[in-house]
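Everything below concerns the one structure shown next.
The values are calculated or read from the model by the stated rules, or taken from the named source; none is laboratory data. Please read all numbers here as calculations on a predicted model, not as lab measurements. Reconstructed Cβ throughout: ideal geometry from the backbone, glycine too, with neighbour counts over all protein chains shown.
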Amino acid sequence: MEHFDIDGTPFSVLMDQAVKIKSSQLAPARQKYDAMPCFVQSSIFPSDEVTNARNLESFTKRFDAAMTWKEEGNAAYREGRFDDALEKYKMSLAVFRYVENTNPNIKNEGIKDEYLREIMYVPKSNEEGQQVQHFLVKVYNNLALTSLKRNDNLTAMQACNCAIEIDRANDKSFYLRAQARLAPKSASATDEELAMMDLNTAIAHNPNNKQARKQFQELRLRIRTQRSKDKNTFAGLFNRGEVYDTQELEEEKAARQKCRENDRIQCKNQDVILGQRLAQLYDERGMIEERTKIEENLKSMTVRRDQVVNDVDFRNPTANMVQEAKTMGVDLSDPQTLEMLEQMQRERKGENVVCYSSEQRKNTNTSAATITAKYSWTRILSIFRGATMLCVMVFVYIRLLNTFLHIQMI
């Protein structure tokens with residue numbers, strides 16, 4: 001019966017997640033182990049039979065035990081039991097080449113590279129050494145063939161690599177490695193080229209290898225056919241003219257440049273209009289000194305011709321902007337202040353900005369006199385305070401904008 005936790009998750013799922021988390025935590029400490037082929041990794045946990053075979057003092061008995069498992073693997077392969085064949089080949093290999101763990105607390109700490117030892121049987125004579133090497137090459141090739149049947153191309157290639165390290169003249173190892181390179185559906189042109197090299201090497205070592213010759217001819221024809229198609233495709237493409245029309249590219253580039261210039265002109269005009277508006281308000285209130293400062297700022301406001309000015313992020317001000325605002329008694333952490341500055345920035349981008357002419361200024365002065373006669377002094381004071389606050393905020397906005405532009409130009 002399956003157990004569940006309080007959230008209704010099966011216990012087996014929780015255990016699987018725990019194993020994955022544990023493996024992820026141990027990954028940095030076992031990089032060498034993880035890079036080993038699976039048939040080497042499995043040797044760290046040998047069966048009792050394999051352990052007993054390793055401990056045999058007689059080489060003959062040890063070799064016989066490994067040979068027995070190899071023959072059992074061959075029988076399983078002929079019967080189509082590829083998983084069983086793979087296990088038997090792993091057992092026969094583990095007699096002579098294996099990984100030993102020296103950490104007695106492996107169950108709690110897991111596998112760590114620092115506690116692993118790769119052990120290779122040391123022959124007592126040249127005859128023993130040749131016998132073991134010949135045996136290992138055969139088992140590696142059989143393991144590669146079995147892995148190909150199981151669609152495990154990576155293990156097949158790793159087994160071939162191990163065989164080639166021992167015997168670089170074994171044509172079967174090169175032939176099987178070529179098969180492993182070509183087996184995946186995602187095999188690339190590079191894989192095909194490498195397979196061609198392996199097949200060519202196999203034929204060089206054994207000209208009578210008919211399978212390698214047949215595969216080599218088929219692959220060579222396929223590569224030549226593909227190259228011919230690619231050549232015709234790209235030749236036709238370039239014969240029709242350039243891939244990109246130079247005139248169209250130039251026209252598109254000019255259009256983008258003109259658009260950028262228009263944007264820069266518009267931004268500069270909006271800044272000037274906003275400054276004029278502020279100067280007008282100061283003039284109407286009789287604040288001559290402030291108006292003079294604004295007019296001077298308008299004269300000094302220049303933007304580099306090829307620079308595109310981005311919106312000012314008042315909610316993430318620079319240190320210079322914060323310091324500039326403090327000198328004017330403005331707190332950039334105040335939400336209402338930020339909202340007003342952002343509203344001014346939206347107006348700067350072209351939303352309902354009004355520019356007053358000299359005639360409109362006269363009408364404005366007349367309207368001010370009418371307002372004075374119509375409303376009470378309390379109402380006039382409220383309006384005056386609001387207008388003054390607006391003037392201050394516009395002035396702050398201009399100063400912060402100058403600071404932002406100065407930083408960008410630097």
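How many residues are free of Cβ contacts under 8 Å to residues at least 40 places away in the same chain, more than 23 Å from Ser186 (Cα to Cα) and surrounded by 13 or more Cβ atoms within 10 Å (Cβ to Cβ) when one looks only at the range 136-165? Break it down into steps so the answer makes sense when it comes.
Kept after step one, since they are free of Cβ contacts under 8 Å to residues at least 40 places away in the same chain, are these residues of the range 136-165: 137, 141, 144, 148, 151-154, 156-157, 160-161, 163-165.
From what's left, more than 23 Å from Ser186 (Cα to Cα): 137, 141, 163-165.
If we keep only those that are surrounded by 13 or more Cβ atoms within 10 Å (Cβ to Cβ) as well, we get 137, 141, 163-164.
Residues flagged as free of Cβ contacts under 8 Å to residues at least 40 places away in the same chain, more than 23 Å from Ser186 (Cα to Cα) and surrounded by 13 or more Cβ atoms within 10 Å (Cβ to Cβ) within the range 136-165 amount to 4.
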Looking at Glu72 and the list (1) at pLDDT below 95; (2) over 19 Å from Thr155 (Cα atoms), which single condition is not satisfied? (1)
Among the residues of the range 76-135, which ones are among the hydrophobic types (A, V, I, L, M, F, W, C), surrounded by 13 or more Cβ atoms within 10 Å (Cβ to Cβ) and without any contact (Cβ under 8 Å) to a residue 12 or more places away in the chain? Ile106
